[in-house]
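Step one of this worksheet: look at the structure below.
Values quoted throughout were computed directly from the atomic coordinates according to the rules given, and no laboratory measurement underlies them. Predicted model only: the values in this text are computed from it and were never measured. Counting neighbours? That spans all protein chains shown, and the Cβs are built from the backbone with ideal geometry, glycine included.
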Amino acid sequence: VRELRHAVELAALMARGGVIDPEHLPEALSAPSPVTGDTDENLALLAQRLLAESLTDPAAADFDALGLLVLFQLTLLNDIGTRPVLARCANCNTAFDADWPEAYFSSTANGLICCDCEQTFVDKIRLTKNAARCLNELKPIKDASQPTMNEIEKVLVYHFTALMHRPPRMAKHFLKGK
C-alpha cells in the first residue's frame, strides 16, 4: 500500500497538477509481468489496469484503496508461492460454481471449501455468494459492494494471520469499525 501511495504521489508530481496519465506511472505499474494464474488474469496486471483506470476515468474512481489492497494481497500470496486455491474446492477439487449452496474459506486448506468438505476444516469461514464469486473470478472485485469488499478483506486478514501467526500490522486501519 505504501508503494502504491508513493507511486500515485510521484505520478501527481510528474503531472504537475494536471491529469495523471498512464505514462506518469512508474514502469513497475505499467510494464506487463508474466501471467501466473491457471486461467485467471494475472493479478498484478489486473491491479495495474484498475489503478490506471481509476486515475484516468472518473467513472472508475469508485474502485477504492480496499479493492487495490485485496488485489495486492492476492498478488503477494501468489508471489510467495501460497496463493489460495480459488477456482475449486481446495479439498476435493470440485470446480467452483456460483450455484454452490454454500462456500467457505479455510487457511488450513489454503482456499475455498465446498459444503461437502466444510466439516473437515474447523477454521472455516462461511462466505456470501458474492464474496466467493469475487474471489473466484477476480474481475467482479471492481464492481463489488463495500460489504463484499469488507468480507473479502476480513478473510484475507484472517488468512495472513494464520500464515504469519499474528495479524498484519495495517489490518486494524482497514477493518476499523467493520
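Assorted remarks:
- Oblate is the label for segment 82-122, because the ratio a/c of its alpha-carbon gyration tensor axes (a ≥ b ≥ c) is 1.5 or higher and a/b is not greater than b/c.
- In order through segment 110-124: 3J(HN,Hα) via Karplus (6.51 cos²θ - 1.76 cosθ + 1.60), integer Hz, x for Gly, Pro: 6, x, 5, 10, 7, 5, 6, 9, 4, 5, 6, 10, 6, 8, 5
- Between amide H atoms placed 1.01 Å from N, distances below 5 Å from ALA103 occur with LEU127, all of them 5 or more places distant or on a separate chain.
- Peptides 117-126, 101-110 ranked from most to least packed give 101-110, 117-126, packing being the mean of other C-beta atoms within 10 angstrom over each peptide's residues.
- Prolate/oblate/rounded label for segment 79-178 (Cα gyration tensor, a/c 1.5): oblate
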